[in-house]
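One structure below.
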Amino acid sequence: MTSTDRMPDVLALQAKLADHRFIVERSFAAALLLAMEMRRPLLLEGEAGVGKTEVAKALARLLDAPLIRLQCYEGLDAHAALYEWNYVHQLLAIKLFEQDPRPLRDKEQDIFSERYLLKRPLLEAITATPAPVLLIDEIDRTDEAFEAYLLELLSDFQLSIPELGVIRATERPYVILTSNATREISDALRRRCLYQYVDYPSFQRELMIVRTQVPEVPEALARQIVEFVHAVREMALRRKPGLAETLDWVAALLRLGVSALDEGGVDRVMDSLAALVKTREDQASLTRPVVEKLVASC
């Protein structure tokens, strides 16, 4: 099948995502389509706040599938991500088994059975039906030791539990991994994934997103907001506002009754900056003269 034959599928997915209020560029839609059809994990890398996590949520809405999320953090281990044994219930069972005449081997098999297994996100994802969307969020917050635990899952969609053996996926989940690139992801993990870099949106795409997510915002104000945000991103800030901050700021401006960014509304713009810039240093950079200049250029 030629690339021309596949083009309508990419455009169709792009349109379907837009129907679910998620605006993506064609290259992004193509990567997502390949991940869905090949059932390969998709690694999304980019700055915080550019909408990586929302991809999994939009995909779950599109497929009408459950979303299972593993939020990564420093020190995350296999037990918290894969499974744990319900030790309290096992101890109770051991107490009850004291009067059980069965052989010890049978008792042990009973204690280490699935009835005492607590499923964490990864195990839950490969045993769920229908196939869920598995979001492994901010994988760069973990270490390479945890990445090694993921390799079996991402390669063969199976997990090994010493007491039970190998548990294989009933249906392969759709897997989205996100990374803010705070550390380098291992080559072994990258090889098992498709890849898409997620950049800050272009002016037109961000305008479409604002209008889609907040349809009540006036067209002229939406354009001014996006122009202002793009100008702020050009500043030397500690943390540039992402798409999430843009939408927060739109909501804040509407709540404050702002209908246009002009000289008369600078006070309310200043009042709303808590929704746009999220560090002390960045707020200090947006002084009144700076905001006035930005408003005048919109």
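In terms of other Cβ atoms within 10 Å, Tyr116, Tyr73 run from fewest to most in the order Tyr73, Tyr116.
Each other residue within a Cβ distance under 13 Å of Ala56 adds +1 if Lys or Arg and -1 if Asp or Glu, for a net charge of +1. With neighbour counts taken as other beta-carbon atoms within 10 Å, the residues Ile176, Ile209 rank, fewest first, as Ile209, Ile176. For the peptides 178-190, 47-59, residues were scored by their other Cβ atoms within 10 Å and the scores averaged per peptide; the highest-first order is 47-59, 178-190.
Largest mean-square fluctuation among Pro41, Pro218, Pro241, in a Gaussian network model of the chain whose springs join Cα atoms under 10 Å apart, belongs to Pro218.
Taken about its Cα centre, the range 139-298 carries a charge dipole of about 120 debye when Lys and Arg each add +1 at the Cβ and Asp and Glu each add -1 at the Cβ. Among Arg102, Arg192, Arg61, the largest mean-square fluctuation in a Gaussian network model of the chain, built with springs joining Cα atoms closer than 10 Å, belongs to Arg102. When all alpha carbon pairs of the range 178-252 are counted in 5 Å bins from zero, the resulting P(r) reads 3, 13, 23, 18, 13, 11, 10, 6, 3, 0 %. Calculated on C-alpha atoms, the gyration radius of the range 203-292 divided by its Kirkwood radius gives an Rg/Rh of 0.92.
Sorted fewest first by neighbouring Cβ atoms within 10 angstrom, Trp85, Trp249 come out as Trp85, Trp249.
Its DSSP H runs of at least 4 residues, each contributing -39,500 (n - 2.57), put the calculated 222 nm mean residue ellipticity of the chain at -15000 deg cm²/dmol, to the nearest 500. Rounded to the nearest whole Hz, the Karplus-based 3J(HN,Hα) values (6.51 cos²θ - 1.76 cosθ + 1.60, θ = phi - 60°) of the range 156-173 follow the sequence 10, 6, 8, 10, 9, 10, x, 7, 10, x, 8, 10, 9, 5, 5, 9, 5, x, with x at glycine and proline.
Rounded to the nearest 20 debye, the dipole magnitude of the chain is 320 debye, with +1 charges on Lys and Arg beta carbons, -1 on Asp and Glu beta carbons, and the Cα centre as origin.
Could you work out how far helix 243-255 tilts from the main Cα principal axis of the chain, as a 0 to 90 degree angle to the nearest 10? Approximately 60 degrees, to the nearest ten. The mean sequence separation of alpha-carbon pairs under 8 Å and at least six residues apart, normalised by the residue count of the chain, gives a relative contact order of 21 percent.
Projecting the Cα atoms of His20, Gly49, Leu273 onto the charge dipole of the chain (Cβ charges, centred on the Cα centre) puts His20 farthest toward the positive pole. Its Cα gyration tensor gives the chain an equivalent ellipsoid; the semi-axes, largest first and in whole Å, are 46, 23, 17.
Laboratory data are not the source of any read-out in this text; all were calculated from the coordinates shown. Every value quoted in this text rests on a predicted model; they were computed, and no experiment measured them. Cβ sites come from the backbone with ideal geometry, for glycine too, and all protein chains shown count toward neighbours.
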